[in-house]
1. Looking for something under 16 Å from the mean Cα position of the chain (by Cα), at the interface with chain A (Cβ under 10 Å from one of its Cβ atoms) and more than 24 Å from A:Pro50 (Cα to Cα) - is there at least one such residue anywhere in region B:55-63?
2. Scanning for something at pLDDT 95 or above and away from chain B (no Cβ under 14 Å), does region A:54-69 turn up at least one residue?
3. Mind telling me which of the residues B:Gly146, B:Gly158 ends up being at pLDDT below 95 and either open to solvent by 20 Å² or more (accessible area, probe 1.4 Å) or not assigned by the TED database to the domain that holds B:Gly17 (or both)?
4. Any residue in region A:31-47 that is aliphatic (A, V, I, L, M), within 14 Å of another protein chain (Cβ to nearest Cβ) and out of contact with any Cys (no Cβ under 6 Å at 6 or more places or on another chain)?
5. Considering only residues of region A:70-85 that are in contact (Cβ under 8 Å) with a residue 60 or more places away in the chain and surrounded by fewer than 19 Cβ atoms within 10 Å (Cβ to Cβ), which is farthest from the other protein chains (Cβ to nearest Cβ)?
6. If we scan region A:137-153, do we find a residue that is under 13 Å from the mean Cα position of the chain (by Cα), within 14 Å of chain B (Cβ to nearest Cβ) and either under 27 Å from B:Phe97 (Cβ atoms) or in contact (Cβ under 8 Å) with a residue 24 or more places away in the chain (or both)?
7. Within region B:108-143, how many residues turn out to be surrounded by fewer than 21 Cβ atoms within 10 Å (Cβ to Cβ) and more than 17 Å from the chain's Cα centre (by Cα)?
8. Pull up region B:64-100, narrow it to residues that are open to solvent by 30 Å² or more (accessible area, probe 1.4 Å) and facing another protein chain (nearest Cβ under 7 Å), then point me to the one that is farthest from B:Ile150 (Cα to Cα).
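The values are calculated or read from the model by the stated rules, or taken from the named source; none is laboratory data. Computed from a prediction, not measured in an experiment: that's the story for all the values here. So basically every Cβ, Gly included, is an ideal-geometry build from the backbone, and we count neighbours across all protein chains shown. We work out accessible area using only protein heavy atoms, side chains counted, and drop any ligands, DNA or RNA first. Shrake-Rupley method; radii C 1.70, N 1.55, O 1.52, S 1.80 Å.
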Amino acid sequence: MTKSEVKLLGAWPSPFVMRARIALNIKSVSYEFLEETFQPKSPLLLDSNPVYKKVPVLINQDKPICESLIIVQYVDDVWSSGPSILPSEPYDRAIARFWATYLDDKWYPTLRSVRGAKGEDDRKKLITEVGEGLTLLEDALNKTSRGKDFFGGDQIGYLDIAFGCFLGWLRVTESLTGVKLLDQVKTPCLVKWAERFCAHGAVKDVMPQTEKLVEFAKMLMAKMAASTPN
Amino acid sequence: MGSEDVKLFNFHASPFGQRVIWALKLKGVDYECIEEDIFNKSNLLLELNPVHKKVPVLVHCNKPIAESLVILEYIDETWKQYPLMPQNPYQRAHARFWANFAEHKLLVAARIARLSSEEEQEKAVNEAREAMEKIEEEIKGKKFFGGDKIGYLDIVIGWISYWIPVWEEVGSMKILDPLKFPAINAWITNFLSHPTINDTLPQRDKMVVYYHSRRKEVSPS
């Protein structure tokens, strides 16, 4: 498949875009990465994702696929000769999908809202919730890894990708709040897993540096503050 | 495989549990249905789904699976007869996209609408209608979302055929106007005509009582 047949429309700070990139990297797919401009949103974005107008969008032979977890599963389906991303057993696949849904529907929205928390009490409550979620994920890692390095076992898989993409923003939140969320005492296995994940060949070139993300977050927060009437 | 291998923990009025029932029935899989009291959840349910503490939970060979969309894909991967997901990867992605959309945009808005009143309800009804418009475009020209046969997306969206009219009654509102959504209404007729779909529907009057009680909790007026 020639390079231009597979395109990924994305943005460097987005954890969701990272998921798609990791999946493509695992399968050694050559693709063209198009950094979305956003202001205004490009015609390609509006055309290929008219429903949500969001990144990532994978475009394969002119067909757009949207929503990061759907893209990851699509990549796994299409490039089936490469290493598997989803587990092979239906029950293990269900567990991986369950936790990925939890991450998107509950855990990450809570993490995001820490930055916009109104007041110390609210912030503390949200940080506690993030921590409780991490404890659940520590337990999930122990169960699904079966003693191996990743949620997916020997190799990174669907749940590693679904969760690992948030590590950058998790570190940003730690930096901005001064609170250690991924904790050696409470979540020792996750701490080790995070190091291994970030060092992985399919991940390291697409994981943004925390310092760059912190600057980006501060810029976003300043913009929000400027546009919110007092 | 005997019915003792498959158990479904459900609540009669749950649209999420109904999806699982439809999938199991279409595939001819025997199962035991355990009705949970939503207002007094069993310890067993809390053990089986400690993260969300909700129904439905499918238990297969003593292994629990929660979250209806996850359960649907599990069922489809485990029992190969009557395939629910499309075979083609792009069409699979397409079905998952619209399932996700209906869940996050339509269901969420419709739920808020059935629980709220006045301004908040009007806003939610409008959001639900906007989502419905996109779904109308999707079903145009097709008998079912799955094509000629009922498939994954029909089962995921199927709740609107029976739950929306109940929610409209409970919330004194209108979301699914037949004049505005002729394709969806035609699909609803086709969908509910299927004996497997129709034979398993919960009792409407019991559902109405339940949803009225939920609304009263939130908007006591």
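1. Checked against the condition, which is being under 16 Å from the mean Cα position of the chain (by Cα), at the interface with chain A (Cβ under 10 Å from one of its Cβ atoms) and more than 24 Å from A:Pro50 (Cα to Cα), region B:55-63 yields at least one hit.
2. The answer is yes, given that some residue of region A:54-69 is at pLDDT 95 or above and away from chain B (no Cβ under 14 Å).
3. Working: B:Gly158 fails: at pLDDT below 95.
None of the others qualify; the one that does is B:Gly146.
4. Restricting attention to region A:31-47, the residues satisfying the condition of being aliphatic (A, V, I, L, M) are A:34, A:44-46.
Subsequent filtering for residues that are within 14 Å of another protein chain (Cβ to nearest Cβ) retains none.
Scanning region A:31-47 turns up no residue that is aliphatic (A, V, I, L, M), within 14 Å of another protein chain (Cβ to nearest Cβ) and out of contact with any Cys (no Cβ under 6 Å at 6 or more places or on another chain).
5. Pass one, region A:70-85, residues in contact (Cβ under 8 Å) with a residue 60 or more places away in the chain: A:72-73, A:76, A:83-85.
So of that shortlist, the ones also surrounded by fewer than 19 Cβ atoms within 10 Å (Cβ to Cβ) come out as A:83-84.
Values: A:Pro83: 17, A:Ser84: 14 Å.
Among residues in region A:70-85 that are in contact (Cβ under 8 Å) with a residue 60 or more places away in the chain and surrounded by fewer than 19 Cβ atoms within 10 Å (Cβ to Cβ), the one farthest from the other protein chains (Cβ to nearest Cβ) is A:Pro83.
6. Initial filter on region A:137-153 (under 13 Å from the mean Cα position of the chain (by Cα)): none.
No, region A:137-153 contains no residue that is under 13 Å from the mean Cα position of the chain (by Cα), within 14 Å of chain B (Cβ to nearest Cβ) and either under 27 Å from B:Phe97 (Cβ atoms) or in contact (Cβ under 8 Å) with a residue 24 or more places away in the chain (or both).
7. Final tally of qualifying residues: 22.
8. B:Glu67
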